[in-house]
Each structure stands twice: as structure tokens, then as C-alpha cells.
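First the structure, in the form of C-alpha cells, and then the observations on it.
Derivation of every value follows stated rules applied to the coordinates shown; laboratory data play no part. If you're wondering where the values come from, they're calculated on a predicted model, not measured in any experiment. Note that each Cβ is placed from the backbone with ideal geometry, even for glycine, and that neighbours are counted across all protein chains shown.
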Amino acid sequence: MQTLEPSPKAAVGFVPRSDGAVGAGAAIDTEDRRWQLALRIAASGSLGRSGLLSDFLLYIVDRSIRGRAEEITEQRIGVTVFSRAEDYDPNDDNIVRSYARKLRKRIDEYFATEGREETLRLEIPRGGYAPIFSENADAQHEVEHPVVVPEAVVQFELSDDPPLASESSVSAAVSLWARITGMIRPGVVLSLIVGIVLGVGATVLRYTRPPLSREETASHLLWKQLFSSDRDTFIVPSDDGLVIMQRLVVRPVPLAAYVDGSYRIKLKADNLPGADEILKLGARRYTNVVDLDLATRLAQLREVVPERMMIRYARDLRMDDLRTGNAILIGSDESNPWIQLFHSQLHFCFRFESETDKPSGFVNLYPRTGEAPIYSTKGQEEQTYGIIAYLPNLTNNGHVLIVAGLNTAGTQAAAAFLLDPSSMMPTLQRARTAHGDLQPFELLVDAGNVATNASTPHIVIERIGLPQGR
């Protein structure tokens, strides 16, 4: 087995650029396998020439090895590695999260290329920054005598149906197996047997998976567009802390102020009573169970590409995410201001009225005969509304799905309708183009509201395509 030596850069003692990034306190054991692995990754071509990525990696590994995990936080990383001020607010500056995404991808690239024979692996799980080390079992076993399989055996073309074995092919396989097993050791034979059994099992499962129903086939087209292997899909639950703050100050927060954080500065400047406490509420990361339930159910869809699915709090989303990726935005404009970016593509927009004599609700921007100009809960508190909108992303190279409600029950109604293939099938069939893609569409649904829980949702209005004249 090949022994990986530290790269020349690591061998001479690679030191991070940021003062204090590592090395504070007791000296680290430089022979520690975890530290040696971190040095090789930091000096590898996978990280390129990014000193900040190297510093980031070495800082978190150093603190992990020293047993100082309490220092592996976004705020401490920002201060120590990225030279941010001690009192900087990670909510206003996402540099750590941005570099963490890059670092995870570069580490994956390292183990797929230069580090494919490493016996120890390193991962940075999403949702945190503390590294996890694990043994790489695949790299600990190797075949001393390579097996050469005849070319005729490895050339195998998959068809729609699993191939059937003839008597002659079985005899040939037995003969080949006898030749192969005579060339390698018994332990390796056992490994090959296990591999073959697992491979056959996967093939059987593939061909025995129940076929999709007509309804599921229609929904499959939608989810296939939203979850793909060539771009990230961001699932964005609502910011309910923002809702609490807005209700206390009776003032909506525009998207621009939400993104740059200026709404907090203005609130302080206005000298409102209790402004500091209100700001604390607005800064906390609250969301609701309905949004989390939807995110969980979306993550279980068969079309999901796990490494490409990101759960992103609304305050942490960035404009570039909606330019380059797919997104599922959950909530209303009040709780998820990013929806405001898509007003020009919507038939129904949420309007919040601070005056009690005016109804808040979904405004029907292009009403047709028999339709109401606004769909509100005012005067009918036992009724609620939600919308489902499938739209292009900001650069028209991806897709955005909006699942919004007038309240929690409205969002729940929209989510329940969306996840029911039978309910969605008629719309998805009408939205399907001759090329098999989906046009933009929008649905307004209603449901009974019983103690903030939605009853069975029903479709009120359907729109296929973007608003005319857009």
C-alpha cells in the first residue's frame, strides 16, 4: 500500500497566514494523524492558492485536536481567521458561511483526487464547523494480484429490462469464477463475493421498485426540475423573529433593508420605546413547525440530490443563491422578504395593512370575471389562503418555488396541496410543454383554519404562465 507523505509545503512546517489561527496555547502534537492529514489537504492543489481556506481548515482542526471545540464558532472563526472585529455580527457578514461551503467542496475534491488513498478522512458536516475524522475502510484493503477480467465480460449494456441468464452464460461465468479465484487470496475472494451480492441486490431493488402512478409521474417532473445534480437547491424557511419585530413596530421591512441590516439601524435612530429588546427579537432565529415539517418532507423526496440540497435560514440567503441555484421559499413576504424579488412574476402578492379597518391578504393583481380583488381572512377568521408559485430564478437558468400563506395555517394548506400528487396532477399536466418541461404556474388555495391548523385544502384559482405584459 502506498504511504502518503506530507507535501513539501507541509513538510517544512506550513504555518497559517493569520496570526493566532493555530498554535495558541500548548504545542500541538505534529505527529498526530489528524494534523498531518489537515496539513496535506491545506497544501494540496484542491485548495489551490487560497490561504484563507488553508487557515480556516487548520484553525478548526487545531481547535478540535486541542479539545477546544467551544472556539469553533462562526464568530470566533470570523475574528481569528478572517480578521473581523471582535464585535462583528455574523448575521450581517456571511464570509465564514461562504468560505465553509467552498472548503467542504474542496475537501471532497481532495479525497476524490490527490487523497483517494488516504486511510483517514475528514469532513465538516453542514450546520457546523467542527471537523469529524473517520477511518476510510476502502483504502485499507488492496488486492496484491490484480485480476484481469476478459473484455467480453466487462462490456455489458443495460437495457430497460434486467438481462436473463442463459445456461451457456452461467457455465461461462462459473468457469471464469474458477479462474479468478485461483489467482487471489481467500480473504479477497470473500470481499468480492460480498461486493457481487451487494451489486446484485442493488440491481434487483432498482428493477423491483414500484412504478410511479400517473399522479406521481406528474409530480416527479416538478421535483426533477427543482432538484438537480448541476446546481444547489436552497430550502428557505420563514424568519418568524422578523415577523414578531414587524408586528411590534407596525412597520414592514423592505428586502433591501433586510439584506443590508439597515432596518436595525433605523429602528435605533427612531428612539422607539424598547427598541433594544425589539431588535433582539428580530435578530433571533425563529421559524415554525409547519415550515420545518415541509423542509423535512421535501428532503425525503426520491428526486433530491442530498449533496446539492441546502437548508438556509432566510437571513443567511444571498442574492447570488437565487441567481445560480434553485430555491424553495416558504412563508409570506412578511416572514420571507426574498419573495419580494418575484412580485413582477406573480399573479397574487401579499399585502400587509397596519390599519385595522383595511384587510391584509393576497391581492389579485389581474382579476378575472367572478374573482375577488383580494383574498383575506378579515371577517372570516375560520378561513385561510395560501399560494404555490413555480417561477424562473433571477437569471432564468434555474427555478424557484414559493409556498406561502396568509398565516401559518395558510402555509400549511399550500404545503399539503403541493405534496399531494393527486391534487397537483391537473395543474402539472396543463403546465407541461410539448418539450416535457414545465411552464411557470401559480395556484391560490384555501382551507379551513381550526386553531391555526389547516383543514383539507382546495384550489381557488389557477394561473398557467407568467402575467401577460410582463
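The phi torsions of the range 116-128, fed into the Karplus equation with coefficients 6.51, -1.76 and 1.60 and a -60° offset, translate into couplings of 5, 9, 5, 8, 10, 10, 10, 9, 10, x, 5, x, x Hz, rounded to whole numbers, with Gly and Pro shown as x. Residue order for 319, 309, fewest other beta carbons within 10 angstrom first, comes to 319, 309.
For 31, 462, what ranking results if the residue with the fewest other Cβ atoms within 10 Å of its Cβ goes first?
Details: 31 7, 462 16.
In increasing order of surrounding Cβ atoms, one gets 31, 462.
Net length available on complete extension from residue 244 to residue 371 is 42.5 nm, with 0.36 nm assigned per residue and the Cα-Cα distance removed.
Based on the Cβ-Cβ distance from residue 422 to residue 88, what FRET efficiency comes out when R0 is 41 Å, to the nearest 0.05?
Details: r = 50 Å, r/R0 = 1.23.
Efficiency for this residue pair is about 0.25.
Per-residue Karplus couplings for the range 306-312, computed as 6.51 cos²θ - 1.76 cosθ + 1.60 with θ equal to phi - 60°, are listed in order as x, 6, 9, 9, 10, 8, 10 Hz, Gly and Pro entered as x.
Rank the residues 289, 304 as a footprinting-exposure proxy: fewest other Cβ atoms within 10 Å of their Cβ go first.
Details: 289 9, 304 16.
Ascending Cβ contact count within 10 Å gives the list 289, 304.
With Cβ to Cβ distances under 14 Å as the rule, what net charge do the other residues near residue 459 carry (K, R +1; D, E -1)?
Residues near residue 459 contribute -3 overall.
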